[in-house]
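Okay, so here's the structure we're looking at.
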Amino acid sequence: MADGDAPGAAAAAAASPQASAPGPSPPPGWRERLRAGLVGTWASLWFVVGLGLLYALRVPLRLCENVAAGTCSLISGLIFIFEWWYFHKHGTSFIEQVSVNHLRPLIGGTERSMSDPASLSSSREGETGRQNVSECKVWRNPLNLFRGAEYRRLTWVTGKEPLTYYDMNLSAQDHQTFFTCDSDSLRPSDTVMQKAWRERNPLSRIKAAYQALELNNDCASAYILLAEEEATTIVDVEKLFKQALKAGETIYRRSQQCQHQSPQHEAQLRRDTNVLAYIKRRLAMCARKLGRIREAVKIMRDLMKEFPPLTMWNIHENLLESLLELQAYADVQAVLAKYDDISLPKSAAICYTAALLKTRTVSDKFSPETASRRGLSTAEINAVEAIHRAVEFNPHVPKYLLEMKSLILPPEHIQKRGDSEAVAYAFFHLQHWKRIEGALNLLQCTWEGTFRMIPYPLEKGHLFHPYPSCTETADKELLPTFHQVSVYPKKELPFFIYFTAGLCSSTAMIALLTHQFPEIMGVFAKAVSMISRTCVEHL
């Protein structure tokens, strides 16, 4: 991943106009004033030139007669001139580009022959797009909520389902991967739980968990399922996870003693390790939610030391959030120094926490007016660069932090650099940004400058790889239907499509009116011609 620090000058230039303007400059000379005046009147000049061209061509184009007869020679000439200009500048036909890239996909054009080079090219582009979609990896949200105690409460109050079927199906696959193994047939309770994790109906899963406990009162995975889905308060969740911890530690010690007996016992040890690590992590999250933050930090640190290979849980992100709640910024910086490395995968929590720490040193005294007069200091440049880096990684986060967009409950899985990750990050970290005076103000003044640094994010990045185009598809599957998915870069039709559509529509309307009311349109054309002639004479 191409990660690094941008030059200070680039960050200052890409910041907001208020925050990046240099100090006082000498008054402009007559050349600058003349250039500014010309720039301010360019629209009027073009209008006058257009009227002059229209007046000069009225005779050879026989404007009045052609309009009265319902022809479109003038419009055709303008389209021809525009096509010639576009082909001369871009080396391709504008109408062909619009037809192939925009209109043909909308109307579902027929397949070309594979012998056609253009068809081969488009097929390669399609294969590349499918490969990009397959490369978009969905990650488990390290700060996901509890289904019974938190997600279900939203359903009770509003009747809305915060989790999509796709998201819950991914969780079911995770549960089967982490909490089951090939040796489940050796223990009847594990066999029951293997079926329970595959059940779609929550009531069926809960019923199967109780059946597993009847067979074995030390079935840790059964306690996990009940804590996640049946418990309705965090206090009840913690009680069940403490029972699961006692059972999980007993089973884990037994598996350690038998791990070398056969490959099945080794697989069983891996499963029991996953179960124990999951229980401790969820207990730490319960302590965090109940206000025992130092206890949560201790559990997380011990867990990271005891099971260092289990990086798929991303426990360091839980630790970062808890340390920010304690306002232990030195400890936060120490965690970032270990995990914000070029060889490790990035996340919104990593990038935006790094930006928050650098913003904290200057945000309380930052003022756009002051910065515009004296320029940015070294510390402010570093803070702006950190914000640009974070926004480039995930451009959806600032709108949630600045409360320009409503938050929802975060999903159980996220798409990195996508809207789902932005929701998950802002849901827990908005309070940390609000706590630091001026942090949101500095973010508001500078975050949009990132987009000027990377005008074509799908083709080329600045500090990271190009923005993946498949995030929108994954986010629509992960986020509920009542949430409007944020899309980046915003897909807008080019101006020339609107121009061509308006030109064709007006041409058709003029032709229709000329055919229906030839005399009136002839009078109207003469009036327009006279007005144009009068304007040119006055000018």
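The values are calculated or read from the model by the stated rules, or taken from the named source; none is laboratory data. Every value quoted in this text rests on a predicted model; they were computed, and no experiment measured them. As a convention, Cβ positions derive from the backbone with ideal geometry for all residues, glycine included, and neighbour counts pool all protein chains shown. In case anyone asks, the SASA skips ligands and DNA or RNA and just uses the protein heavy atoms, side chains included. Shrake-Rupley method; radii C 1.70, N 1.55, O 1.52, S 1.80 Å.
Full extension of the segment from MET404 to GLN257, taken as 0.36 nm per residue of separation minus the current Cα-Cα distance, would add 47.4 nm.
Take the Cα of GLU295, step 7 Å toward its Cβ, do the same at ARG435, and the gap between the two points is 1.9 nm.
Amide hydrogen proximity for LYS416: with H placed 1.01 Å from N in the peptide plane, the residues at 5 or more positions away or on another chain lying under 5 Å are TRP139. When the C-alpha to C-alpha distance is required to be over 29 Å, the pairs from LYS280/LYS338; LYS239/LYS416; LYS289/LYS399; LYS137/LYS460 that qualify are LYS239/LYS416. Mind giving me the FRET efficiency for GLN516 and VAL487? R0 is 41 Å, r the Cβ-Cβ distance, nearest 0.05 is fine. Between GLN516 and VAL487 the formula returns 0.40.
According to a simple spin-label model (label point 7 Å from Cα along Cα-to-Cβ), what is the distance in nm between ASP182 and LYS305? Those two pseudo-labels are separated by 3.6 nm. The string of couplings for region 475-485 from the Karplus curve (6.51, -1.76, 1.60, θ = phi - 60°) is 5, 5, 7, 8, 9, x, 5, 7, 9, 7, 5 Hz, one whole number per residue in order, with x for Gly and Pro.
Only protein heavy atoms count here; under a 1.4 Å probe, PHE499 has an accessible surface of about 90 Å². Taking a ≥ b ≥ c as the square roots of the eigenvalues of the Cα gyration tensor, region 283-325 is classed as prolate, since a/c reaches at least 1.5 and a/b is larger than b/c. Evaluated with a Cβ-only charge set (Lys, Arg +1; Asp, Glu -1), region 339-492 carries a dipole of roughly 320 debye about its Cα centre, given to the nearest 20. Note on region 316-349 and region 181-218: Cα centroid distance 37 Å, given to the nearest whole angstrom. Multiplying the residue separation of THR191 and LYS246 by 0.36 nm and removing their Cα-Cα distance gives an extension gain of 17.7 nm.
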